[in-house]
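The values are calculated or read from the model by the stated rules, or taken from the named source; none is laboratory data. The structure presented is a predicted model; accordingly, all values stated were derived computationally and were not measured. Neighbour counts are summed over all protein chains in view; Cβ atoms, including those assigned to glycine, are modelled from backbone coordinates with ideal geometry.
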4 protein chains.
Amino acid sequence: MARTSTARTEPRRRVRGGKPHKSQRKFEQRRQQIFSGALACFERKGYHETSINDIAEAAGISSGLIYQYFNDKRDLLFQVILEILEAYNRDVPKALVGIKDPITRFQAASIAYYRVIDHRISATLFAYRESKSLDPDQIKILKTKELQTNQMLVDCIQDCVNAGYFATPNAELASYWIVTTAHAWGLKNWRLRKIVSFEDYTRQTLNLLMNGMLTNLGRSHLMGHDLLDGRPL
Amino acid sequence: MARTSTARTEPRRRVRGGKPHKSQRKFEQRRQQIFSGALACFERKGYHETSINDIAEAAGISSGLIYQYFNDKRDLLFQVILEILEAYNRDVPKALVGIKDPITRFQAASIAYYRVIDHRISATLFAYRESKSLDPDQIKILKTKELQTNQMLVDCIQDCVNAGYFATPNAELASYWIVTTAHAWGLKNWRLRKIVSFEDYTRQTLNLLMNGMLTNLGRSHLMGHDLLDGRPL
Amino acid sequence: MARTSTARTEPRRRVRGGKPHKSQRKFEQRRQQIFSGALACFERKGYHETSINDIAEAAGISSGLIYQYFNDKRDLLFQVILEILEAYNRDVPKALVGIKDPITRFQAASIAYYRVIDHRISATLFAYRESKSLDPDQIKILKTKELQTNQMLVDCIQDCVNAGYFATPNAELASYWIVTTAHAWGLKNWRLRKIVSFEDYTRQTLNLLMNGMLTNLGRSHLMGHDLLDGRPL
Amino acid sequence: MARTSTARTEPRRRVRGGKPHKSQRKFEQRRQQIFSGALACFERKGYHETSINDIAEAAGISSGLIYQYFNDKRDLLFQVILEILEAYNRDVPKALVGIKDPITRFQAASIAYYRVIDHRISATLFAYRESKSLDPDQIKILKTKELQTNQMLVDCIQDCVNAGYFATPNAELASYWIVTTAHAWGLKNWRLRKIVSFEDYTRQTLNLLMNGMLTNLGRSHLMGHDLLDGRPL
DNA sequence: AATGAATGAGCGTTCATTCAT
DNA sequence: AATGAATGAACGCTCATTCAT
């Protein structure tokens, strides 16, 4: 009866030993439906103010059905936040495909990170706000996921350091400068968007950060193919 | 039942036209008691998970009494967050007293800002998380309050720009670099504290940001009295 | 959050560290009110078919209040059954006050036992039916309580055996003959009451059981003061 | 939605005028499957705690299919209890086949009754517990069924009385002594099995009861072929 | 000023039952 | 014949808020 506080991910159907669905397709579709409904509600009203019925309504289904796809409301919250973080994890590497030059890779990764935040500002805010409501095991998973994303930035920075382009004593700290300023675009968007455009914010902030990290070698290496020079980002 | 969406601040006693307190002193004391209890609970468990009874118990009073000092639970939340922001507003100016040099003022203000965050990390996290639960009017007030604090930084930066020490096209954006990296120390403290000390974080991050803003004039002016050079911050 | 499956008895108020009630009297009164309402509902409709709202209504209070006196519905069930068993425990000893003769004591105890069942037939049925719904710890407590009551009968029987009046190899088994025939009056009352009166049932059944246990000494000792001889029981 | 309070027994297929089954055999097989699953669940967890899905899973079929064999969950409960009572009805007569002597018949019937309870203790407990959940019409049917079984004992006793072996004013009451003590073996098994074996319980209890009923004629008639004398029951 | 008993709306969750496939 | 996805009413329980004391 008592649920141990493990970070359950599987929908109940599976858990309870039911057979797999006839149609995995239909199953995933429904899941997405609920996901979208839940995300929309959570973003708008927050986790606690959203009732299961709100979600059901937003998803166009009955409330009971949700429990065939998610263990409980908290599980749904977890899944939704996880999905947001995984989107980060998916988008950043995509931006690096085919890019060889270390500094360009760093710039591309950073811009991608800024962009993914910009595209999902309210989802990002929501993830910041509501993670606290999860149980410790789930939070640990989210943190791990976040560190994975950050690691991609850390790797880019370390490559620049190894190539002699960046001089920064702590690559992970440096990665947090990117992460932090990206998130800041979301967290303080209510004000920032009134004083700079997304492009300007990205350009100026990245320039500032790179300025502080570049060696002379890096600075001269960069000339001619700085991603931040070209007009459209 | 129906809540009008005014950002009520006054305790009910006043509102209802009751007589003034025999002892304003006693009144403030009680208020503080409730404040402290509420903040402690909110930080630990979050707003929604905290019940009025939790707060009453933490404050050592009865639950009913809370309603003589605050209109409702949300009002209490509002006051508590307001108090946190006001602490920022109080501490930063204190650090500037007697300092004349623009760059030193900027550094002192920034360090003060970092420090106030560091001293109240969980309160800061809490304010970030729970502001969403307030009603629009209350949120507007908080934003105004936040802009006031930021304005102090903006002013410092603008003074540096005017003196020819900083070259930065947008002083408010620059102030956000301070604000967001300071907040980041709180928001990502779970990870950052494992890779840098508060002092190192502050020193390195401020150095980075200044590096990108200083003019040559500023750079030479700074020599000899850079707050970030002396060992203890 | 997760409640461990201990057999809680105390009302929540006390448990949660609240201060004791101003008026213990009022508290007990309310508790009794809920008790009576719950027992009435449980007897009539069974535990599962009874909703908390049914009980609240029967008790003339609001549903929420129940949770200030009982931990949950199951706790209420437990308390109610416990109360029933304790009534057995109270009534049987009363019947023995001042009686010295072993056989008379045995008869008096048995009659008392039969009587207490007869007076609370539906409560007895209810206890039989619903104990299964309790958690193991609570069931253990009930079993202990039941054994305490039985022990009084065992003692009476053993005294008779020691005095040479009864010859029965197993006093506890013999006590169960009393207990089960008494319970049978409740369990099969729907039929038994159509073929014998309570008095006749008691008289005939006890006579039968004693017949099988009495020694010749016991039989002659009994003459002249057999409780089962006098007309009114 | 509105349930008419008839004691429906027939599976829906029949009711709705569907064609007869290709294979009555298959039909009965399925029915048994569901029966077994339901009984297993009901005994272990009780009626209310068992969900239709539990039963479906235990029976290895889908939940929907149950409704082609039973009207609703209550109907299934009814059938299962009915089946338990019918097992009593089947087993007791079997024990009497070929036996002529009245007292021996009585003994054989009684032992058979004790035995059938012993073999299905948890089913017996379950029937006691859950009958309350049925509707009045269904309960009436169960009572009738129970009286039928009892009647076999009554007949045996009456035969003994008619033959002058037993002196007991009320044969049905006497039959209840058997029934009651047999059921007691189930109801109080948690304790009784710790103080006597099934054989000892049966032997001692039956001896006790017979002692009280036998006439001198009966007593001398019994000599030499008392079923309770031989070692193995 | 202070208490805490009392309320009752509202929540998350379950599950018997239906029905399209 | 058989499935299991879908429904939605109903439950146990919580807690902000009120108010008699």
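In the condition set (1) of a type outside the set (S, T, N, Q); (2) near DNA strand F (Cβ under 9 Å from one of its atoms); (3) away from chain D (no Cβ under 14 Å), C:Ala87 is compliant with all but (2).
Against the condition modelled with pLDDT under 95 and not acidic (Asp, Glu), how does A:Asn89 come out, does it pass? It is true that A:Asn89 is modelled with pLDDT under 95 and not acidic (Asp, Glu). When B:Pro169 is tested against (1) within 22 Å of B:Val116 (Cα to Cα); (2) surrounded by fewer than 18 Cβ atoms within 10 Å (Cβ to Cβ); (3) within 11 Å of another protein chain (Cβ to nearest Cβ), just one condition goes unmet, and that condition is (1). Please find, within segment B:188-211, the residue that is farthest from the other protein chains (Cβ to nearest Cβ) out of those that are more than 16 Å from B:Arg115 (Cβ to Cβ) and surrounded by fewer than 20 Cβ atoms within 10 Å (Cβ to Cβ). Looking at residues that are more than 16 Å from B:Arg115 (Cβ to Cβ) and surrounded by fewer than 20 Cβ atoms within 10 Å (Cβ to Cβ), I get B:Lys194. Checking A:Ile99 against (1) in contact (Cβ under 8 Å) with a residue 24 or more places away in the chain; (2) away from DNA strand E (no atom under 13 Å from the Cβ); (3) not in a helix (DSSP H, G or I), only one condition comes out false. Which one? Every listed condition holds for A:Ile99 apart from (1). One residue stands out among those in segment B:29-54 that are within 14 Å of chain A (Cβ to nearest Cβ) and among the aromatic types (Phe, Trp, Tyr): the one that is farthest from DNA strand E (Cβ to nearest atom), which is B:Phe42. Test A:Glu199 against the criterion of being under 30 Å from B:Glu49 (Cβ atoms) and of a type in the set (Asp, Glu), and give yes or no. Considered against the rule, which asks whether it is under 30 Å from B:Glu49 (Cβ atoms) and of a type in the set (Asp, Glu), A:Glu199 comes out as no. Annotation: B:Pro232 fulfils all but one of (1) farther than 20 Å from B:Trp177 by Cα; (2) part of a helix (DSSP H, G or I); the unmet one is (2). Going through (1) more than 12 Å from chain D (Cβ to nearest Cβ); (2) crowded, with 21+ Cβ neighbours inside 10 Å one by one, C:Ser220 falls short only on (2).
Is it the case, given these coordinates, that C:Glu57 is assigned to a helix (DSSP H, G or I) and away from DNA strand E (no atom under 16 Å from the Cβ)? It is false that C:Glu57 is assigned to a helix (DSSP H, G or I) and away from DNA strand E (no atom under 16 Å from the Cβ).
Condition (residue is surrounded by 22 or more Cβ atoms within 10 Å (Cβ to Cβ) and within 9 Å of another protein chain (Cβ to nearest Cβ)) applied to segment C:137-144: is it met by at least one residue? Among the residues of segment C:137-144, not one is surrounded by 22 or more Cβ atoms within 10 Å (Cβ to Cβ) and within 9 Å of another protein chain (Cβ to nearest Cβ), which makes the answer no.
Taking (1) free of Cβ contacts under 8 Å to residues at least 24 places away in the same chain; (2) more than 7 Å from chain D (Cβ to nearest Cβ); (3) crowded, with 20+ Cβ neighbours inside 10 Å in turn, C:Ala184 satisfies each apart from (2).
I'd like the residue in segment A:41-78 that is hydroxyl-bearing (Ser, Thr, Tyr) and free of Cβ contacts under 8 Å to residues at least 40 places away in the same chain and, out of all such residues, is farthest from DNA strand F (Cβ to nearest atom). It would help to see each step written out before you state the result.
Keep residues of segment A:41-78 that are hydroxyl-bearing (Ser, Thr, Tyr), which gives A:47, A:50-51, A:62-63, A:67, A:69.
Narrowing the set further to residues that are free of Cβ contacts under 8 Å to residues at least 40 places away in the same chain leaves A:50-51, A:62-63.
Working: A:Thr50: 16, A:Ser51: 11, A:Ser62: 3, A:Ser63: 5 Å.
So, considering only residues that are hydroxyl-bearing (Ser, Thr, Tyr) and free of Cβ contacts under 8 Å to residues at least 40 places away in the same chain, the one farthest from DNA strand F (Cβ to nearest atom) is A:Thr50.
Criterion first (at pLDDT 95 or above, out of contact with any His (no Cβ under 7 Å at 6 or more places or on another chain), part of a helix (DSSP H, G or I) and surrounded by fewer than 19 Cβ atoms within 10 Å (Cβ to Cβ)) does A:Ser36 satisfy it? In short, yes.
One residue is enough: does segment B:154-161 have a residue meeting the conditions within 11 Å of another protein chain (Cβ to nearest Cβ) and modelled with pLDDT of 95 or more? Yes, because at least one residue in segment B:154-161 is within 11 Å of another protein chain (Cβ to nearest Cβ) and modelled with pLDDT of 95 or more.
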